[in-house]
Amino acid sequence: LNVGIEQNSLHIVFGEDTNFSATYNGFVNGENESVLQGTLAFTCAYNTQEHAGNFPVTMSGLSSSNYEIVYADDAVLTVDKAKVTITAKNQSAVYGEAFTLDETAYEIKATSGKLLDDITVTLVCSYAVGKNAGSYDITLNVGDYADYDITTIGATLTVSKATYTSDA
């Protein structure tokens, strides 16, 4: 009796839980897995959700007085990087006033998988007090993360003209 793993249960995205399911080949007399004793167990190092990558999967736990059980020994779980999009938000300022960018100026969204780590984002804008009114690009700098495929989307800082009030 051959016990294998469903191929569609061997591919997930980082942050997702494993959900292995078995396949069985070789029963006779119309029998199925209900005639086996024990509980099928899957062992995989990814259960720690340490990193994206490839992880061997082993099986054990079944017995039978009528079947020799042979477990698949080549099963590998592929854990893809989670896809993350970081989007800067458009900002506005008035000429001559101080302006800062902080964590409220962007949004992080996992488009697949889950966010399990903090992602450090640095926002960059060339505007400084004294520069002309106008539009300035806001860009995002993000380091490399082994478990995430990160896309960044910049925004615009619009600096409006200051209002001049005459003392006359």
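Among residues other than VAL142 whose Cβ falls under 14 Å from its Cβ, what is the net charge (Lys/Arg +1, Asp/Glu -1)? Can you show the working numbers first?
Details: positive: LYS81, LYS83, LYS109; negative: GLU103, GLU107, ASP117, ASP118, ASP144, ASP147, ASP149.
Within the 14 Å Cβ shell, the charges total -4.
Name the aspartates and glutamates eligible as straight-distance cross-link partners of LYS114: C-alpha to C-alpha under 14 Å, and not fewer than 8 places from it in the same chain.
Filter leaves GLU16, ASP17, GLU50, ASP80, ASP147, ASP149.
How big is the charge dipole of segment 44-168 about its Cα centre, in debye rounded to the nearest 20, if each Lys and Arg gets +1 on its Cβ and each Asp and Glu gets -1 on its Cβ?
In debye, rounded to 20, segment 44-168 gives about 560.
For segment 13-163, what log10 I(q)/I(0) values come out of the Debye formula at q = 0.14, 0.15, 0.19 1/Å, with one point per alpha carbon and no solvent?
Each listed q maps to, in turn, -0.79, -0.85, -1.06.
Would you mind computing, in nm to one decimal, how far apart the modelled labels at GLN7 and THR87 are, each placed 7 Å from Cα along Cα→Cβ?
Between GLN7 and THR87, the label points sit 3.6 nm apart.
In segment 87-154, which chymotrypsin sites (Phe, Trp or Tyr not before Pro) fall in coil by DSSP and have 14 or fewer other Cβ atoms within 10 Å? Intermediate values should be presented prior to the final figure.
Values: sites: TYR95, PHE99, TYR106, TYR127, TYR136, TYR145, TYR148; in loops: TYR95, PHE99, TYR127, TYR145.
Hits after loop and neighbour filter: nothing returned.
Given a Förster distance of 41 angstrom, what is the FRET efficiency for ALA133 paired with HIS51, based on the Cβ-Cβ distance and rounded to 0.05?
The value I calculate is 0.30.
Taking GluC sites (Glu not before Pro) as exposed when DSSP calls them loop (any state but H, G, I, E, B) and at most 16 other Cβ atoms lie within 10 Å, what is the longest stretch of the chain free of them, the sites themselves excluded?
Longest run free of exposed loop sites: 98-168.
Can you give the accessible area of LYS131, probe radius 1.4 Å, in Å² rounded to 10?
LYS131 exposes around 80 Å² with every protein chain in place.
Once neighbouring chains are kept in place and the probe is 1.4 Å, which whole percent of the accessible area of the chain is contributed by carbon and sulfur?
Here it works out to 44 percent.
Rolling a 1.4 angstrom probe over the protein heavy atoms, how many square angstrom per residue are accessible across the chain?
Value returned for the chain: 62 Å² of accessible area per residue.
The values are calculated or read from the model by the stated rules, or taken from the named source; none is laboratory data. Keep in mind the model is a prediction, meaning the values are calculated, not measured. Note: ideal-geometry Cβ built from the backbone for every residue, glycine included; neighbour counts use all protein chains shown. For the accessible areas, the whole protein counts, side chains as well, though only heavy atoms, and no ligand, DNA or RNA atoms are used. Shrake-Rupley method; radii C 1.70, N 1.55, O 1.52, S 1.80 Å.
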